[in-house]
1. For the range A:191-214, give me each residue that is in a loop (DSSP other than H, G, I, E, B), under 15 Å from residue A:239 (Cα atoms) and open to solvent by less than 60 Å² (accessible area, probe 1.4 Å).
2. Test of understanding: among A:39, A:28, A:32, which residue is at pLDDT 95 or above, of a type in the set (Gly, Ala, Ser) and surrounded by fewer than 19 Cβ atoms within 10 Å (Cβ to Cβ)?
3. Report yes if some residue within the range B:172-180 is facing another protein chain (nearest Cβ under 9 Å) and either surrounded by fewer than 24 Cβ atoms within 10 Å (Cβ to Cβ) or at positive phi (or both); otherwise report no.
4. Condition first: in contact with a Leu (Cβ under 7 Å, 6 or more places away or on another chain) and either of a type in the set (D, E, K, R) or open to solvent by 10 Å² or more (accessible area, probe 1.4 Å) (or both). Can you find one or more residues in the range A:108-115 that meet it?
5. What are the pairs with Cβ atoms under 7 angstrom where one residue, in the range A:83-111, is in contact (Cβ under 8 Å) with a residue 40 or more places away in the chain and the other, located anywhere, is assigned to a helix (DSSP H, G or I) and among the hydroxyl-bearing types (Ser, Thr, Tyr)? Sequence gap at least six, or different chains.
6. Give all pairs with beta carbons closer than 9 Å in which a residue from the range B:152-167 that is basic (Lys, Arg) meets a residue that is not in a helix (DSSP H, G or I); count only pairs at least 6 apart in sequence or on separate chains.
7. If you take the residues of the range B:129-141 that are part of a helix (DSSP H, G or I) and in contact with a Phe, Trp or Tyr (Cβ under 8 Å, 6 or more places away or on another chain), which of them is nearest to the other protein chains (Cβ to nearest Cβ)?
8. What are the residues in the range A:187-214 that are at pLDDT 95 or above and out of contact with any Asp or Glu (no Cβ under 9 Å at 6 or more places or on another chain), if any?
Amino acid sequence: MPEIYYSKAVNEALDEELARDPNVILIGEDIGLYGGAFGATKGLFEKYGAERLWETPISENSFTGIGVGAAMLGLRPVVEIMFMDFVALALDQIMNSAGKLHYMYGGQVNVPMVIRTPGGAKGGYGPSHSQTLTNLLVGVPGIKVVAPSSPAQAKGLLKSAIRDENPVVVVENKRLYPKKGEVPSGDWTLPLGKAVVAREGDSLTIAAYSSMTPVCLAVAEAFAKNAGIEIEVVDLVSLQPLDTETLFASVRKTGRLVVAEEACLTGGVAAEVAALVAEHCMDSLEAPIARVGAKDMPIPSALQLEQAVLVQPQDVVAAVKRVLEY
Amino acid sequence: MNQLDNTTLLGMLQRMVLIRAFEENLMGLFDKGLLGGTSHYCIGQEATAVGVIDAASPKDWLVSNHRGHGHLLARGLDPARVLGELMGRLNGYCLGRGGSQHLCAMDLHFLGTNGVTGGGIPIAAGAALACKYKKTGEISIVFFGDGASNQGTFHETLNMASNWKLPVLFVCENNLYAMSTPTSHAVASGTIAPRAAAYNMRGTVADGLDVEAVYFTAKECIDRVRAGNGPELLELMTYRQCGHSKHDARVYRTREEEADMAKRDPILTAATRLAERGVPQTDIDAAQQAAHDEIAHATEVALAAPKGGETEALSDLFA
């Protein structure tokens, strides 16, 4: 199986879907000859031209709304929002249009659009270019949210998102773009709405997504190697809806749960996962649930300050020990 | 000035009266506790809806706003189903989920009223993008008020639509007040049409209280937009005779101003003009009566329709 970069996996998914379906168009800033701020659309303008790639001025809310309108008439727009922080600028069209139209118009319209956006800190990008704002999205009914943690997921989920009849936000990650991984070739997809058991174990479950999945896998490997403790890692993959079946099955097996995310801790995905498990798996729990996330602070620019705010591997290790030793 | 034939103008008068009667009827239904929430009436503004929509092709896509009853009925939506929607009945276009501000009829190419001021403007441009991409020959038309022209979506979308020569007509119904805020306090350029120049598109002003003037001006704009010359901005000067919504004491304007503007009522103007052109008063009266009868019948149909329940509330989140 070929190993490709996460960013290349995104690029391949876009390329293949543009080739497969003439209704697929791309909308976003600097997605043309420049190839997108993180290279996701590299080479596509040369191949598909301005008819398929609508390179926009810096107008996030309105070009997202243009995507909604085009989707209502049967196109499948893939909108790129250059940094997840700028999702804030487009929230009106995401929340009040994309996520509601199918329902509020009595099922008369579908909004088959995708919003791709990179979240996460990458070392020094600072307060307005580093956030993981998944908490803003999962509380809005009508939008699916997925957060691929590997090149294979980046490709397989994006292709499914483009083919889905609903608005899907694909949360990519800046630190994952330059990571390589095996990606099957040929036309294949991964299902939306499904979590993945990324590593099997029996003594504790770590639920994580996006950039925290590889971090937690490494932590789990270290526990296995150093202490003979086998930790199960559930990669949530889908944040809205959450795959509670996979999650609950793992917690019922291990009896202990740590939830890790790059986003701020308050009111986010980890909080929701913890609440659901507490509600539904109390009988299986042998220890309180622990959450690990960024501190509830803006993400500062200087590297040493950034590290102080973001989750570090040792934070996950500490949480795992706390839950294991309870 | 261009002149419509009497039959056409009489038909337009009838539809303006239909819109007026629909809204006056709502007031009674509110009083009886048969309607919830609020409603934004377009009483006095009927000519903009009827004039523009009649100038368009029935296949052109419409996007409306919170004050959308006129646009809905001008396009030919069934008044009984519009009223049913407002009353939460199952005969409503959106099963009672949308109500007045979120009402859509895809089979009539009506992309929806929209409760977020300015929210429909980019959606209309997106529809125009799809028309251009698919080469359907259709255009999109979006109605919004002077208030929405201060939203970022107005400026962002006009800019993009012009860059991309999208077939969209931006129709600003300038009724002089954004809720209570007069344009003199809120619109730096005084009126809206001059803003078109900043986006390298044609901006036209017309008398929005005269349905014939609206029709002929809109027709010219629509023809140019359809020919692929890019988007245009049409500003229609109009006047909302009623308050912004159900409860509005209209403290921000004088009763004298209202009385002056009532003399320019678009229904009155059209009826007078028809009489001047020799249409018998009995025909004019009959057209108006037919509109009232249609609303009375629609009300009976809507009241008889069953109400939705948990099934409608809890389904269709995803396609």
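The values are calculated or read from the model by the stated rules, or taken from the named source; none is laboratory data. Computed from a predicted structure; not experimentally measured. In this analysis, Cβ positions are derived from the backbone assuming ideal geometry, glycine residues included, and neighbour counts consider all displayed protein chains. Ligands, DNA and RNA are stripped out before the accessible areas are found, and what is left, the full protein with its side chains, is counted by its heavy atoms. Shrake-Rupley method; radii C 1.70, N 1.55, O 1.52, S 1.80 Å.
1. Passing the criteria: A:192, A:193, A:195, A:209, A:210, A:211.
2. Criteria check complete, one pass: A:39.
3. No, the conditions are met nowhere in the range B:172-180.
4. no
5. As it stands, the answer is A:94/A:64, since those pairs meet every condition given.
6. Close Cβ pairs satisfying both conditions: B:165/B:228; B:165/B:229; B:165/B:230; B:165/B:231.
7. The residue in question is B:129.
8. A:189, A:190, A:191, A:214
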